[in-house]
Amino acid sequence: MSSSAVVIGASGGIGAAFEAALIEEGAFEVVHGFARSRRDEAHIDLTDEASIEAAAARVAKGPPPSLVIVATGLLHEGDKGPEKALRDLDPDWLAKTYAVNAIGPVLVAKHFLPLIPKGQRAVFAALSARVASISDNGLGGWHGYRASKAALNMMVRNLAIEEARRKSRTVVVALHPGTVDTPLSKPFQGNVPEGRLFDPERAALQLLDVIEDLKVPDSGKLFDYEGREIAF
């Protein structure tokens, strides 16, 4: 059966690499790339549900999707960035962080998961982060980013449970790409160990390999770029 792949955030470093790799591999009849910076039918804004619904309507024209990747994230913008202490908390910045990192991807799931047909293997994957693991948090700080991605992890678990009741072969997961050389990580690359800063192309290929190896029992979990489960 012919199918399509969807990349949300296709103008970002990892998202663009996902889109390029999927097109080059040629395993999907159509590869849809959506991004806030793109125009017309390729436009999507995770803070605007109407734009997400419109993007889903485009994909619904067929062929049906068997892979949906949400490759988005917000860590810093302008003079706002990850908080180091409670005194740095700002409610507006927290709200925006949650809107992009947690609410937006779940709204993508709301409109795109119903497009996946029953009876075939499919994957819905959203980029999360190791720092969102509550059990792995030994440093603190980065309150909004950690908490919003942790909220995403919880929604991934919820979505996996709900989706399994309707489509037993759909896998819903969160993925940790490692530290990737993109604008998101740029201000924080100084402390990355040698050999652990990945270029976007490598990061995308690593995660696509992880996605390819996923099994139904993996649904609802968080995996790193080597396919190792990260405890929530």
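The values are calculated or read from the model by the stated rules, or taken from the named source; none is laboratory data. Just so we're clear, the structure is a prediction, and the values are computed from it rather than from any experiment. A quick note on method: Cβ atoms are made from the backbone with ideal geometry, for glycine too, and the neighbour counts reach across all protein chains shown. Note: areas computed on protein heavy atoms with side chains; ligands, DNA, RNA excluded. Shrake-Rupley method; radii C 1.70, N 1.55, O 1.52, S 1.80 Å.
For residue 214, enumerate residues with amide H under 5 Å from its amide H, sequence gap 5+ or separate chain, H modeled in the peptide plane.
Residues meeting the amide H criterion: none.
Going by average Cβ density within 10 Å per residue, which order do the peptides 3-9, 220-226 take, highest to lowest? Could the numbers behind the result be given before it?
Working: 3-9: 25.3, 220-226: 19.3.
Going from most to least packed, we get 3-9, 220-226.
Cross-link partners among lysines for residue 84, C-alpha distance below 29 Å, same-chain residues fewer than 8 apart left out?
Answer for residue 84, where 29 Å is the Cα cut-off: 96, 149, 186, 221, listed by chain and number.
Residue 199 label point, 7 Å along Cα→Cβ, cut-off 13 Å on backbone N: hits in the stretch 1-24?
Flagged as within label range: 17.
Measure of size requested: the Rg and Dmax of the stretch 97-190, with Cα atoms as the atom set and Å as the unit; please supply both.
According to the Cα coordinates of the stretch 97-190, Rg and Dmax are 14.7, 47 Å.
State, to one decimal in nm, how far the label point of residue 38 lies from the label point of residue 53, with both points 7 Å from Cα in the Cβ direction.
Those two pseudo-labels are separated by 2.1 nm.
In whole Å, what are the extents of the chain along the principal axes defined by its C-alpha atoms, from largest to smallest?
Sorted largest first, the three principal extents are 52, 36, 34 Å.
Return the long-range amide H neighbours of residue 10 (sequence gap of 5 or more, or a different chain), with a cut-off of under 5 Å between placed amide H atoms.
34, 35
List, in order, the whole-Hz ³J(HN,Hα) value for each residue of the stretch 2-17 obtained from phi through the Karplus relation with A = 6.51, B = -1.76, C = 1.60 and θ = phi - 60°; use x for Gly and Pro.
6, 8, 10, 10, 10, 10, 9, x, 6, 9, x, x, 6, x, 5, 5
Placing +1 at every Lys and Arg Cβ and -1 at every Asp and Glu Cβ, with all other atoms neutral, what dipole size does the chain have around its Cα centre, in debye to the nearest 20? Write down the numbers at each step before the final one.
Details: 26 positive and 30 negative charges, 143 e Å.
Computed charge dipole of the chain: roughly 680 debye.
If you stretched the chain out fully between residue 90 and residue 161, how much longer would it get, using 0.36 nm times the residue separation minus the C-alpha to C-alpha distance?
Details: separation 71, 0.36 × 71 = 25.56 nm, distance 3.34 nm.
Going from the current span to full extension adds 22.2 nm.
Please give the per residue accessible area of the chain, computed with a probe of 1.4 Å over protein heavy atoms only, in Å².
Working: 11300 Å² over 232 residues.
Ligands and nucleic acids excluded, the result is 49 Å² per residue.
Near the amide H of residue 179, under 5 Å away, which other amide H atoms are found, from residues 5 or more places off or on another chain, if H is placed in the peptide plane?
Hits under the 5 Å cutoff: 198.
Could you derive backbone 3J(HN,Hα) for the stretch 159-168 from the dihedral phi with the Karplus parameters 6.51, -1.76 and 1.60 (θ = phi - 60°), listing whole Hz in sequence and x where the residue is Gly or Pro?
4, 4, 5, 5, 5, 4, 6, 9, 9, 6
Taking θ = phi - 60°, what integer Hz values does the Karplus form 6.51 cos²θ - 1.76 cosθ + 1.60 yield along the stretch 52-69, in sequence order, with x for Gly and Pro?
Each residue's phi maps through the Karplus curve to give 5, 4, 5, 5, 5, 5, 5, 5, 5, 5, x, x, x, x, 10, 8, 10, 10 Hz.
Ordered by packing density, taken as the mean number of other Cβ atoms within 10 Å over each peptide's residues, highest first, how do 177-184, 120-127, 12-19 rank?
Values: 177-184: 19.2, 120-127: 22.5, 12-19: 25.0.
With the highest mean Cβ count within 10 Å placed first, the list reads 12-19, 120-127, 177-184.
Per DSSP H run of n ≥ 4, the term is -39500 (n - 2.57); total these for the chain, divide by its residue number, and report the mean residue ellipticity at 222 nm rounded to 500 deg cm²/dmol. Don't skip to the end; give the middle numbers.
Working: 6 runs with 79 residues, N = 232.
It lands at -11000 deg cm²/dmol.
With a/c under 1.5 counting as rounded, go ahead and sort the stretch 65-128 into rounded, prolate or oblate using the C-alpha gyration tensor (a ≥ b ≥ c being the square roots of the eigenvalues; past the cut-off, prolate if a/b is larger than b/c, else oblate).
It comes out prolate by the Cα gyration axes.
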